[in-house]
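Below you'll find the structure, written out as structure tokens, and then a few comments.
The values are calculated or read from the model by the stated rules, or taken from the named source; none is laboratory data. A quick note: this is a predicted structure, and the numbers were derived from the prediction, not measured. Virtual Cβ from ideal backbone geometry, glycine too; neighbours counted across all protein chains shown.
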């Protein structure tokens with residue numbers, strides 16, 4: 001009797017506890033994005049849904065989550081809700097070495113002024129630093145930025161300190177580079193960069209060697225060889241599936257072999273390379289995106305695996321502008337919104353093997369972007385100063401980074417000034 | 001004979017180059033736009049021609065054949081490049097610091113895409129580190145950077161240096177202003193928590209001796225607003241004009257009436273800069289102030305790390321707030337060009353007078369449903385918003401939103 005009474009009490013208590021915890025859970029939505037069109041390529045969601053954020057994590061993605069349970073409700077009707085964008089190619093190592101090029105130098109930019117206003121919550125610095133100066137980069141930028149900053153480390157020990165220094169084969173040390181990744185910063189360094197080399201395949205081969213030791217991908221900027229080295233050889237003999245070719249739609253045929261030939265045809269081996277698993281990254285930059293390469297590519301079915309900016313001071317005010325502008329360019333060429341979102345969220349998250357990013361799976365960090373799709377008469381420029389017209393353009397309404405609102409273009413998260 | 005031949009060549013080449021210049025005297029022609037140039041009283045459909053980095057002609061129907069390059073700006077407003085007189089752009093690698101630090105912003109990141117061609121740094125540097133600022137930022141930016149020099153020797157290098165009364169040397173400030181006459185336009189008193197008036201008096205004396213305006217910021221909690229305004233001279237500038245913070249009394253009282261001594265100061269010619277920043281602009285103060293005739297003289301953004309992504313965003317957004325509050329676009333543009341130019345006594349800027357440096361902003365006004373946030377996270381709605389289509393700095397195109405200056409891509 002006594003025991004059964006105890007049992008009853010304890011089961012009641014347990015019930016109470018459960019209902020209490022359920023109650024707490026139900027009331028603890030910090031931000032509820034209501035009625036937006038969610039595009040979450042990883043989870044194959046493409047429709048109107050609500051997104052709930054609790055304790056800086058995604059807590060629920062479902063149709064009709066009750067507003068009574070939320071501390072803040074944001075009306076996202078007519079807007080698109082996506083995972084926070086991941087820009088896989090930026091240069092964000094600014095600093096006081098005025099004679100330097102990108103590493104600790106004036107060509108890099110501080111990330112936060114460009115990311116949030118374009119819906120970006122994670123950037124990957126593409127080899128601005130090498131193993132010798134990565135710690136300074138981390139201290140100056142990575143540890144201070146609100147944007148999540150990950151990095152590809154340069155196979156050159158001093159990173160992009162100067163075009164001349166980047167030729168130093170003696171400073172391309174696969175062992176030291178891989179130590180930096182495997183032993184010291186596996187959470188931040190997601191791959192290796194090989195860039196700006198004037199010689200043969202030595203730099204790429206060293207980078208791949210380091211990539212094999214550290215089990216990470218290599219990104220190659222392969223455009224300063226006179227005459228150009230064969231990209232077919234690069235894709236089929238030197239790189240591994242999962243390695244990345246950037247500046248895909250660049251046109252500078254004297255130094256860089258193009259993906260589209262002079263007759264406007266995508267070279268057959270390009271399709272074979274993509275099938276083999278070579279990742280094609282846009283890496284727009286100040287000199288690496290031309291309509292005459294990109295337009296025929298898209299028309300002939302050769303689409304990039306990743307859409308990225310190559311953000312730096314020489315690209316920021318030119319044809320590139322920001323990631324949402326670059327995505328809009330691909331829409332102007334005929335790709336769908338879903339396709340461009342996939343290539344700037346879950347696509348790059350997979351490439352850098354950070355599968356916790358670029359999606360809205362329950363439990364992941366609440367990095368979210370909310371866009372409007374403006375309709376109108378827009379123009380987009382490439383690096384050669386030619387313009388393509390478009391009728392749609394992405395505009396970033398709201399950006400949430402780890403559950404915090406870090407950008408709100410039109411105040412959709414705020415009360416009216418004279419509200420009681 | 002030889003001599004003769006040489007002369008012929010010289011004369012001939014002179015005639016040839018003169019003919020070429022005569023044939024197409026302009027490098028760039030902005031055609032069919034609506035020019036708003038408040039300094040020159042122009043508010044009409046006109047063309048603007050540019051040559052040698054200067055504005056060479058503003059007139060109706062300039063023949064396109066006179067220009068090497070023609071941009072059709074029909075439907076847009078063509079204005080002098082905008083001027084932001086309150087920014088923090090002494091960017092560097094020092095953590096948690098404005099001077100030479102990561103709390104400042106590299107100007108070109110934000111300015112050109114907002115139609116701004118000139119910014120004034122508001123006392124981020126002092127006489128000790130101004131040369132570093134000049135070398136590191138001013139000399140390397142596309143944006144024209146002018147500066148108020150802080151009365152504190154090391155500028156905004158953190159609390160200890162800003163509170164150090166022994167490092168507010170009038171002589172050094174005056175000397176530095178004399179050494180950089182084209183760049184330093186005034187003196188700033190900004191951050192000081194003590195009761196002593198030495199920093200303020202010294203800043204005032206330095207600006208007196210240099211014959212430049214004083215910029216007064218808000219972080220002077222022990223000085224009353226009334227006392228600050230009383231000590232200021234006509235032409236001096238107070239910033240963060242519409243803030244509601246504990247550090248300084250608001251310009252309106254609890255009943256939202258503009259305080260009498262504020263009105264008095266306005267009448268005396270004290271200039272009120274907006275100074276938006278992260279905390280410096282509140283609708284609850286700005287809206288009643290505007291209704292009672294206290295409009296900002298300039299739209300200083302107080303650009304820095306913490307304002308850029310908040311309610312401020314950029315100067316066009318701040319200007320659009322005033323459109324939403326009911327100010328006409330002409331009045332807004334006056335306060336974004338000519339009035340700020342005059343306030344820093346740089347009447348060569350902020351206008352499209354023939355012969356002026358060709359700093360031009362081509363703006364559109366978007367129609368739609370927009371919202372604008374203040375420093376307190378409160379919103380007003382509006383139906384119009386400025387957007388920068390094209391920015392020209394010293395005759396060069398430095399921003400082109402929709403490729404209006406580009407040629408059509410042909411396969």
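Below, the figures for the structure above:
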item	result
Selection count, region A:259-302, where residues are over 24 Å from residue A:241 (Cβ atoms), in contact with a helix residue (DSSP H, G or I) (Cβ under 7 Å, 6 or more places away or on another chain) and more than 14 Å from chain B (Cβ to nearest Cβ)	1
Some residue of region B:239-248 being crowded, with 21+ Cβ neighbours inside 10 Å and within 24 Å of residue B:177 (Cα to Cα)	yes
Residue identified as within 12 Å of another protein chain (Cβ to nearest Cβ), buried (at least 24 other Cβ atoms within 10 Å of the Cβ) and within 15 Å of residue B:142 (Cα to Cα) among B:110, B:83	B:110
Residue match in region B:130-143 (condition: farther than 20 Å from residue A:316 by Cα, surrounded by 24 or more Cβ atoms within 10 Å (Cβ to Cβ), touching a helix residue (DSSP H, G or I) at 6+ places or on another chain (Cβ under 7 Å) and away from every other protein chain (no Cβ under 12 Å))	yes
Qualifying positions in region B:386-411 - facing chain A (nearest Cβ under 9 Å), assigned to a strand (DSSP E or B), in contact (Cβ under 8 Å) with a residue 12 or more places away in the chain and more than 30 Å from residue B:325 (Cα to Cα)	B:398
The listed residue being modelled with pLDDT of 95 or more, in contact with a helix residue (DSSP H, G or I) (Cβ under 9 Å, 6 or more places away or on another chain), over 20 Å from residue A:396 (Cβ atoms) and not assigned by TED's automatic domain parsing to the domain that holds residue B:246, out of B:352, B:294	B:352
Unmet criterion (only one of (1) crowded, with 21+ Cβ neighbours inside 10 Å; (2) farther than 19 Å from residue B:213 by Cβ) for residue B:270	(2)
Some residue of region B:38-48 being surrounded by fewer than 18 Cβ atoms within 10 Å (Cβ to Cβ) and within 14 Å of chain A (Cβ to nearest Cβ)	no
Selected residue (only one of A:62, A:118, A:110, A:76 is loosely packed, with under 14 Cβ neighbours inside 10 Å, under 23 Å from residue A:398 (Cβ atoms) and at pLDDT 95 or above)	A:62
Checking residue B:383 against (1) under 21 Å from residue A:372 (Cα atoms); (2) within 11 Å of chain A (Cβ to nearest Cβ), the condition it does not meet	(2)
Given (1) more than 20 Å from residue B:154 (Cβ to Cβ); (2) in contact (Cβ under 8 Å) with a residue 60 or more places away in the chain, index of the condition residue B:215 fails	(1)
Candidates B:311, B:326, B:278, filtered to the one that is more than 30 Å from residue A:141 (Cα to Cα) and assigned to a loop (DSSP other than H, G, I, E, B)	B:326
Residue satisfying condition, being more than 21 Å from residue B:190 (Cα to Cα) and assigned by TED's automatic domain parsing to the domain that holds residue B:215, within set B:333, B:303, B:271	B:333
From B:294, B:333, B:339, B:363, residue being more than 14 Å from every other protein chain (Cβ to nearest Cβ), in contact with a strand residue (DSSP E or B) (Cβ under 8 Å, 6 or more places away or on another chain) and part of a strand (DSSP E or B)	B:363
Odd one out for residue B:262, checked against (1) part of a loop (DSSP other than H, G, I, E, B); (2) within 23 Å of residue B:376 (Cα to Cα); (3) without any contact (Cβ under 8 Å) to a residue 40 or more places away in the chain	(1)
All positions within region B:356-373 that are crowded, with 24+ Cβ neighbours inside 10 Å and within 20 Å of the chain's Cα centre (by Cα)	B:358, B:359, B:360, B:361, B:362, B:363
Answer residue from region A:131-148, given it is buried (at least 22 other Cβ atoms within 10 Å of the Cβ) and either touching a helix residue (DSSP H, G or I) at 6+ places or on another chain (Cβ under 7 Å) or under 17 Å from residue A:398 (Cβ atoms) (or both) and is nearest to the other protein chains (Cβ to nearest Cβ) among those	A:147
Members of region B:184-203 found to be touching a strand residue (DSSP E or B) at 6+ places or on another chain (Cβ under 6 Å) and surrounded by fewer than 22 Cβ atoms within 10 Å (Cβ to Cβ), listed by number	B:200
Index of the failed condition, residue B:396 passing every other in (1) touching a strand residue (DSSP E or B) at 6+ places or on another chain (Cβ under 8 Å); (2) within 20 Å of residue B:81 (Cα to Cα); (3) surrounded by fewer than 24 Cβ atoms within 10 Å (Cβ to Cβ)	(1)
Residues of region B:43-52 classified as assigned to a strand (DSSP E or B) and within 15 Å of residue B:356 (Cα to Cα), total	4
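Rundown of residues vs (1) facing chain A (nearest Cβ under 10 Å); (2) in contact (Cβ under 8 Å) with a residue 60 or more places away in the chain, yes/no style:
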{"position": "B:301", "(1), (2)": "no, yes"}
{"position": "B:309", "(1), (2)": "yes, no"}
{"position": "B:322", "(1), (2)": "no, no"}
{"position": "B:375", "(1), (2)": "no, yes"}
